[in-house]
Amino acid sequence: MPAAFSGLRFDNSYARLPDVFYTAVAPQALARPRLAAYSGAAAGLLELPFAPSEGMDFARLLGGESVLEGMQPLAMVYAGHQFGSYNPRLGDGRGLLLGEVVNGRGERWDLHLKGAGLTPYSRHGDGRAVLRSCIREFLASEALAALGIPTTRALAVAVSDTPVYRETAEPGATLLRLAQSHVRFGHFEYFAHTGQVDALRRLADYVVDRHYPEAREADVPLGAFFAEVVRRTACLVARWQAEGFTHGVMNTDNMSILGETLDYGPYGFLDSYEAGYVPNHSDTSGRYAFDQQPSIALWNCWCLARALRPLLDKAELESGLAGFEPEFVAEYSARLRRKFGLAREEEGDRELILDALALLENQTVDYSLFMRRLARVDEDINALLALCAEPQGWHSWLARYRERLARDGREAQARRADMEAVNPAYILRKHLAQEAIAAAEQGDYSGIARLHAVLRNPYVEQAGAEHYSALPPAWSRELCISCSS
Ligand code: AMP
Ligand code: MG
């Protein structure tokens, strides 16, 4: 056993659930696995060393060659609504829950190995993941965490000599993911739609006991649990909207019961502000476009409500669902107000912000750079206007904005510091991920580490990192993020 792991304590609560919840499956080894990426920040959650001290043994674990004592690898069964249609049987088709670590602080972390081989739920798939998609998930998980957006975490990526066939042969890889739970909305749908009400109740009790213990104090604990899931989901999507993140595939099997970002596929951050942005080229109807995410999230909560119907009164479920909109509006407006540096609340703030977003969209202005430079509106208006195709179109908005800031009566320096603390200098742009992927596919993993380091500290300008805060090159617009991963 690798020395770094010898202290890990496993307590596999999911494996103790009845057989209908999962199938025990061992990982299938990949050829010559090597470590391609490692997150010291994620390692800290498990109380592992910041850098892996036993590189090769760790790679063997990631490559599915061995499991640690105490692990009980299993594939979970679930279902889900995919692009609006119900799929009665999905499940972990290429990922395994290896085990649950309990750290020294008593926190539980699932270790989930993505790309670990075939399972009974693989359907027509090969059970594998390619390097580019593992790198994209690794970078995004760690970038969103640094932006304060709830997300699963990524401990490490391994690359191998096993070829995986997508449009062409690509290097097979794995990603070791951490989350406090891998239960999805789709788990509840599976048991509800198959009429397994006892298992449904068991699942709900399991999730409440493990993750929502405070709901036990309520008159209707399951009602309180559902309302809290809805609230967290609304809050999550509000943060995505404020930071310009598009998930890409908001199927109910990709919705975490903890309200975290889960299952990174063809996601994307906005470069220029575009409400209808669709990162997934297979999503031809734009179902999962950037501006559709709030209503899709609510629709997904409604699917969860339907699955909970055998356990809860309609009134309870309706009252839970009713919590979505107020939570979304409150969180989204609070986030945007901070990003725009508005301290007191005033009538007209909403219009001021919406007018700015409309101008950004009309002039295809880079969203995150604009917001970052807006913090220095008093010092360097030229840097801000240089981003805009028609600077004169901004004059009247800027005049309103300055008057509005003046009414807050705050020191410019204090406002600027506040704004820079919530408007990142660095985001995970498509072309930055692509550069790191292209180098990694040639065996050079240093680009991943460098980009990861920049993204872990997104609010502080870092010496020598200008490349990462620049406008995207023209070729970035042509980048096609395929669904195949
Ligand atoms: P996703 O769209 O990646 O969230 O995947 C949807 C479903 O397909 C999940 O049940 C996955 O486990 C399964 N899946 C995706 N890719 C593969 C693959 N290469 N092999 C087996 N199952 C897969
Ligand atoms: Mg998925």
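The values are calculated or read from the model by the stated rules, or taken from the named source; none is laboratory data. Since the model is a prediction, treat every value here as computed from it, not as a measurement. Methodologically, a virtual Cβ is constructed for each residue, glycine included, from the backbone with ideal geometry; neighbour enumeration extends over all protein chains shown. Ligands, DNA and RNA are excluded from the accessible area calculation, which covers all protein heavy atoms including side chains. Shrake-Rupley method; radii C 1.70, N 1.55, O 1.52, S 1.80 Å.
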Legend entry - Degrees, to the nearest 10: 395-408 long Cα axis against longest axis of the chain: 80
Legend entry - Convex hull (Cα only) mean projected area of region 186-334, reported in nm² to one decimal: 9.1
Legend entry - Degrees between helix 293-308 axis and first principal axis of the chain (Cα, 0 to 90, nearest 10): 30
Legend entry - Peptide ranges 129-135, 68-74, 412-418 listed from the most packed, as the mean C-beta count within 10 angstrom indicates: 129-135, 68-74, 412-418
Legend entry - Under the Karplus curve 6.51 cos²θ - 1.76 cosθ + 1.60, θ = phi - 60°, whole-Hz ³J(HN,Hα) for region 159-172, x wherever Gly or Pro sits: 10, 9, 8, 6, x, 10, 9, 10, 5, 9, 6, 9, x, x
Legend entry - Overall form of region 341-420 per C-alpha gyration tensor (a/c, 1.5; a/b vs b/c): oblate
Legend entry - Per-residue HN-Hα couplings for region 99-106 [Karplus 6.51, -1.76, 1.60; θ = phi - 60°; Hz; x = Gly/Pro]: x, 10, 8, 10, 8, x, 8, x
Inset, instruction - Order E435, E347, E331, most accessible first, counting only protein heavy atoms with a 1.4 angstrom probe. - result: E347, E435, E331
Inset, instruction - On the protein heavy atoms, probe 1.4 angstrom, tell me the percent of accessible surface of the chain carried by carbon and sulfur. - result: 51
Inset, instruction - Kindly provide the helix-only [θ] at 222 nm of the chain, computed as the sum of -39,500 (n - 2.57) over DSSP H runs of four or more divided by all residues, to the nearest 500 deg cm²/dmol? - result: -12500 deg cm²/dmol
Inset, instruction - Please identify every one of the chymotrypsin sites (Phe, Trp or Tyr not before Pro) in region 215-274 that sits in a loop by DSSP and has no more than 16 other beta carbons within 10 Å of its own beta carbon. - result: none
Inset, instruction - Using a 10 Å cut-off on Cβ atoms, rank the peptides 419-427, 373-381 from the highest mean neighbour count down. - result: 419-427, 373-381
Inset, instruction - May I ask you to give the solvent-accessible area per residue for the chain, in square angstrom, as obtained with a 1.4 angstrom probe? - result: 39
Inset, instruction - Decide, for region 430-485, between rounded, prolate and oblate: order the square roots of the alpha carbon gyration tensor eigenvalues as a ≥ b ≥ c, take rounded if a/c falls under 1.5, and otherwise choose prolate if a/b is larger than b/c, else oblate. - result: oblate
Legend entry - At 1.002 mPa s and 20 °C, Stokes diffusion of the chain via Kirkwood alpha-carbon radius, µm² per second: 91
Inset, instruction - Could you state, as a whole-number percent, how many of the C-alpha pairs of region 3-182 are farther apart than 29 Å? - result: 16
Inset, instruction - Compute the FRET efficiency between R105 and R456 as 1/(1 + (r/R0)^6), taking r as their Cβ-Cβ distance and R0 = 25 Å, and round to the nearest 0.05. - result: 0.75
Legend entry - Tail fraction, Cα-Cα pairs, region 1-89, threshold 23 Å, whole percent: 41
Inset, instruction - Can you grab the distance from the C-alpha centre of region 164-232 to the C-alpha centre of region 283-362, Å, no decimals? - result: 21
Inset, instruction - Quick one: what are the phi-derived ³J(HN,Hα) couplings along region 61-69, Karplus 6.51/-1.76/1.60 with θ = phi - 60°, whole Hz, x for glycine and proline? - result: 5, 5, x, x, 7, 8, 10, 8, 4
